[in-house]
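Everything below concerns the one structure shown next.
Every number here is computed from the coordinates shown, using simple stated rules; none is lab data. Being a predicted model, the structure only gives us computed values, none of them experimental. Cβ placement follows ideal geometry from the backbone for every residue including glycine, while neighbour counts extend to all protein chains displayed.
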Amino acid sequence: MSSCRCLATKSDRKEILGVRCNDYFRFAFGFAILILSTRLSLAIEPPVVDGNQTLSIECDGSPLTITTTSRLAGAVDSLRWRNHEFIDSADHGRQLQSACSFDAMSDEPFWAERFNPTEAGSRLDGAGKRSTSRLLAIQRDDRQLRTSTQMAFWLAPGEKSQGRSALNTRVLSDHVLHKRIRLGAYDDPHVIQIDNTFEIDLKESNRYAQFEVLTGYMPKEFSEFWRVSTASRELQRLDDGPGEQPDPVILSTKDGQFALGAISAGCPDWIEPSAGYGRFRFPTEKVVKWNVVYRYQEVPAITKSKASFRVLVAVGTLEQVHAVIRRAIDGELVPVVSESP
């Protein structure tokens, strides 16, 4: 597991949002057996792993529930609170999920979907019941879920994305995503902590990597785009973009009764620590999206085999989500003892 840089509002602060960087090493140790079994699974045809799991926690008198499915190789298919769905999940791309992209040593302008291992599956999987991605392992306890997923390429060989041909030569990559989802993190039922480790296939040669550490595709009713200024901590309107900007993003319904936001809480120490926070509106598809993105370039070729990140997702009313993001920026979220990996 790669070492991780803590982000903090004060230069002498050794904790990121109350979580020490050493958590990543404890996280890696806790995943050791899972990763070992994953490596063995890549060498032989693995057994079918059941990805249908549910995590739930009481949040303001209503269950906050996350559901993963085998259809999506263990990716998050649904997030519900107060009987309201927060995830679109129309195909194998519109989930709460993670992905990465590489340049495959191409000298052409970078286009993410051309070489794009994706947690939930491929574009051709469509609205079908199966995923080209392969769920290798899954562990669940009361409020925590761990998965290891061999990610499919978004495009099949020969497919195109806006006229640009796929650079991959097979449908299933050897890039593996190890993920931990924890509900009620920091003793706050509105906070979901997501730890991701991308295990990079170094048999391939790449100079450029883009990590979509986490993205959420949400129903069009989450039509209001906001950002939380890291300078003033104020909630500010955000235009449609599309694209990234440097402040954490929140998407909400018009009445502010339902909202979801995300903030990066850690990255590898070898990567530029400033995340990009994107927002997108797709009127034809009737869906909106946010994401948390990091990028890395290494010449003549990438030598890093693992990249670990942490993202905090806040769910609640717009006021509640703003409060969580503000506390995170100020470093006021402190883990309880039971949250150690």
Dipole check, the range 4-339, charges on Cβ (K,R +1; D,E -1), about Cα centroid: among LEU260, ASN52, LEU79 the Cα furthest to the positive pole belongs to ASN52
The extension gain from ASP107 to SER161, computed as 0.36 nm times the residue separation minus the Cα-Cα distance, is 17.7 nm
Size of charge dipole - the range 4-339 - debye, nearest 20, with Cβ of Lys, Arg +1 and Asp, Glu -1, no other charges: 320 debye
Spin-label point model (7 Å from Cα, Cβ direction): what's the THR65 to ARG233 distance in nm? 3.6 nm
Among LYS220/LYS289; LYS129/LYS289; LYS220/LYS254, the pairs whose Cα-Cα distance exceeds 21 Å are LYS129/LYS289
What translational diffusion coefficient, in µm²/s and rounded to a whole number, does the Stokes-Einstein relation yield for the range 4-339 at 4 °C and a viscosity of 1.567 mPa s, taking the hydrodynamic radius as the Kirkwood radius over Cα pairs? 65 µm²/s
Put in order of increasing Cβ neighbours within 10 Å, starting from the fewest, ILE329, ILE250 give ILE329, ILE250
Going by Cα centres, the range 69-83 and the range 217-261 are how many Å apart? 22 Å
Descending packing, highest mean Cβ count within 10 Å first, for 257-264, 69-76, 187-194 is 69-76, 257-264, 187-194
For LEU55, what is the net charge nearby, where nearby means another residue's Cβ is under 14 Å from its Cβ and Lys, Arg count +1, Asp, Glu -1? +3
On a full-extension model of 0.36 nm per residue, what is the gain between LEU124 and ARG170, subtracting their alpha-carbon distance, rounded to one decimal in nm? 15.3 nm
Could you tally the net charge around SER161, taking each other residue with its Cβ under 10 Å from the Cβ of SER161, Lys/Arg +1 and Asp/Glu -1? +2
Roughly how far apart, in whole Å, are the Cα centres of the range 140-170 and the range 302-324? 21 Å
With a Förster radius of 41 Å, plug the Cβ-Cβ distance of ASP142 and LYS306 into 1/(1 + (r/R0)^6) and report the FRET value to the nearest 0.05. 0.90
